[in-house]
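Written out below as C-alpha cells is the structure these notes cover.
The values are calculated or read from the model by the stated rules, or taken from the named source; none is laboratory data. Remember, it's a predicted structure, so these values are computed and weren't measured experimentally. No Cβ is skipped: glycine too gets one built from the backbone with ideal geometry, and neighbour counts run over all protein chains shown. These area figures cover heavy atoms from the full protein model, side chains too; ligands, DNA and RNA do not enter into them. Shrake-Rupley method; radii C 1.70, N 1.55, O 1.52, S 1.80 Å.
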Amino acid sequence: MRCQVAIIGAGPAGMFLAHLLARAGIDAVVLERRTRDYVEGRVRAGVLEQGTVAVLEALGLDGRLKAEGLVHTGTNLAYDGEIFRIDMAALTGGGAVTVYGQQEVMRDLFDAAEARGLRIVFEAEDVALRDVAGERPCVEYRCGGAAHSLSCDFIAGCDGFHGVGRAAIPPDVLRVFERVYPFGWLGILAELPPVNHELIYANHRNGFALASMRSPTRSRYYVQVGLDERIEDWPDARFWDELALRLGPEAASGLVRGPSFEKSIAPLRSVVAEPMRHGRLFLAGDAAHIVPPTGAKGMNLAVSDVAMLGEALVAHYREGDASGLDGYSARALARVWKAERFSWWFTGLTHRFPDMDPFARRMQVAELAYIRGSVAAQTVLAENYVGLPMG
Ligand code: FAS
Ligand code: PHB
C-alpha cells in the first residue's frame, strides 16, 4: 500500500492533521493501535483555545461545537477564602475559550472522517517506522492477523507520549527536557450542574482544586492528590468535602453533590523533545511534548502543531516549497515552549508542593493578591489562557 503521508495515531493531533491534508487533496493514511470507541472514550481535555475553534471552523467541523460548546469570556481564581474573576475578553480584545470535551472533538473528527472517506486503520499493531531519515520511508504494521507495509513520502508521529514516533529519532539527535511534578490530579465526572458557570482554579493550603464542566448539567472537577494516593482512597463523600474546602465558602455555596460516574488520576509532567523533525519524520502533539493540564494547553498544542505541519506539507506538494517543512520544528517549538512556560508557571502558582515552606506559601498568596489587583498581570494570564498567536 502507498500514500503521501502516513499518520501514526488517531488522537487529536493525528485526526486534525488527517482532515487538514484531506481538505488539500493530500493522500494520508492514519494508523491507530486502539479502536475508535477506545480513543473516543478517553476522558481528557475540556477547554479549546480560540485557535483550535478556528481550525474546526475552517474544516467545517464546528457544527456541534457551536450548538453545544460553552463560550467562556472569563475565568476565576480562588485562594484563602477569596475568589476573583479575570475578564479575559475585556483584557484580550474579545478573546475567549470554549468548553467542549476532547471526547466530543474526537466524535466530530471521526464522524466527519467516515463521511469524507479518510483512510483510518484501527487496531494497527506492532507499528514500526523504517528509513525515516532516508528517501523511501515506510511503516510496517499488523492488522487482522496480516502483515502490512505502507510506503510514503512523509511520516507524522502523532502517537502520543508512549508512541513509537519519538523513539525513531536517534538518541544522539534527540534532546528531552523534563520536569516531573510531585503530585497528580484526581478528576471526576458527575451528572450534576456545575458549581459556577465559568471555571474556578483554587489554591488552598491542602492543595489545588479545579471546578470545570462539560455542559450545564455535567460537572468536571479535579483535586490535587499525592503520588501515593489511589482512587479507592477517595470515595465521593471525601472528594466533595475536600473540593468544597479548597474552593472556599463563597464558591462552594452553590456546590451540588451526588454520585460520580467517572474517576481517574493523571500524573503531571512537563516534557519537550527536540527536534520535532528527523528526516521525513515529523512529531506533533504529545509525541513531542507534555504539559501539566493546569493551563489547558495539551490538546490545543497538538492542534497548533498540526496546523503548522499541514500548512508546510501543502506548500511542499502544491508549490514544491520545502521551507515550511524545514522550518517546522523551530516554528512549532517556539509556541510549545511558551505554552510550557505558562503551564509550569500556573501550576507553580496554584499547587501545594510537598517541600513548600511558609515563605514559599506567602509568595504564592502574594502573587495571587497581586494578580487580583493588577490589570497588567491579569492581561498576561488572559492572553496565554485564551491562546497565543499560531506563530
Ligand atoms: P494522544 O495521546 O491523544 O493520541 C495518540 C494516539 O496514538 C492514541 O490514540 C494512541 O492510541 C495512538 N498510539 C500510540 N502509540 C501507537 C502506536 N505505536 N501505533 C499506533 N497508534 C499509537 N489536556 C488538557 O488540555 N486538559 C486536560 O484536562 C487533560 N487531561 C489529560 C488526562 C490524561 C490521562 C492524559 C494522558 C492527557 C490529558 N490531557 C489533557 C492532554 C491530552 O488532552 C493530550 O494533550 C492530547 O490528547 C494530545 O493529543 P495527541 O497528541 O493526539 O496524543
Ligand atoms: C477540564 O475541563 O477537563 C479542564 C479544564 C481546564 C484545565 C484542565 C482541565 O486547565
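Structure summary
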quantity: Pairwise centroid distance, computed over Cα atoms, of region 43-96 with region 279-298, Å; calculated: 20
quantity: Summed side-chain charge close to Leu325 - residues other than Leu325 whose Cβ falls under 15 Å, Lys, Arg +1, Asp, Glu -1; calculated: -3
quantity: Cα gyration tensor shape of region 285-328, rounded if a/c is under 1.5, else prolate or oblate by comparing a/b with b/c; calculated: prolate
quantity: Separation in nanometres of the label points that stand 7 Å from Cα toward Cβ, at Ala146 and Arg85; calculated: 5.9
quantity: Once the Cα gyration tensor of the chain is diagonalised, semi-axes √(5λ) in Å; calculated: 37, 22, 20
quantity: Cα gyration tensor shape for region 203-260, rounded if a/c is under 1.5, else prolate or oblate; calculated: oblate
quantity: Accessible surface, the chain, averaged per residue in Å² (probe 1.4 Å); calculated: 41
quantity: Share of carbon and sulfur in the accessible heavy-atom surface of the chain [1.4 Å probe, %]; calculated: 53
quantity: Most mobile of Gly144, Gly165, Gly41 in a GNM of the chain (Cα contacts under 10 Å); calculated: Gly144
quantity: Phi to ³J(HN,Hα) by Karplus 6.51 cos²θ - 1.76 cosθ + 1.60 over region 264-273, Hz, x for Gly, Pro; calculated: 8, 10, 10, x, 10, 8, 10, 9, 9, 10
quantity: Derived scalar couplings ³J(HN,Hα) [region 101-106; Karplus, 6.51 cos²θ - 1.76 cosθ + 1.60; whole Hz; x for Gly, Pro]; calculated: x, 4, 4, 6, 4, 5
quantity: Residue-averaged [θ]222 nm for the chain, counting only DSSP H segments that reach four residues, each worth -39500 (n - 2.57); calculated: -11500 deg cm²/dmol
quantity: Most mobile of His351, His162, His19 in a GNM of the chain (Cα contacts under 10 Å); calculated: His162
quantity: Rounded accessible area of Arg175 (nearest 10 Å², 1.4 Å probe); calculated: 150
quantity: By average C-beta atoms within 10 angstrom, highest first, the peptides 369-377, 248-256, 297-305; calculated: 297-305, 248-256, 369-377
quantity: Probe 1.4 Å, all protein chains present, accessible-area order of Arg130, Arg362, Arg220, Arg136, largest first; calculated: Arg136, Arg362, Arg130, Arg220
quantity: Cα-based Kirkwood hydrodynamic radius, region 84-222, one decimal, Å; calculated: 19.9
quantity: Beta bridges by DSSP in the chain, antiparallel share as percent, to the nearest 5; calculated: 75
quantity: Mean projected area (nm²) of the alpha-carbon convex hull when region 167-306 is viewed from all directions; calculated: 10.0
quantity: Per-residue HN-Hα couplings for region 304-316 [Karplus 6.51, -1.76, 1.60; θ = phi - 60°; Hz; x = Gly/Pro]; calculated: 5, 4, 6, 5, 5, 5, x, 4, 5, 5, 5, 4, 5
quantity: Long-range amide H partners of Leu48 with built H, under 5 Å; calculated: Thr98, Val99, Tyr100
quantity: Summed side-chain charge close to Tyr79 - residues other than Tyr79 whose Cβ falls under 11 Å, Lys, Arg +1, Asp, Glu -1; calculated: +1
quantity: Distance from region 347-378 to region 197-253 (C-alpha centre basis), Å; calculated: 19
quantity: Partners for Lys263 among lysines (Cα-Cα distance below 25 Å; same-chain residues under 8 apart left out); calculated: Lys297
quantity: Most mobile of Gly184, Gly163, Gly93 in a GNM of the chain (Cα contacts under 10 Å); calculated: Gly93
quantity: Sequence-distant residues sharing a close amide H with Ile120 (under 5 Å, placed H); calculated: Val30
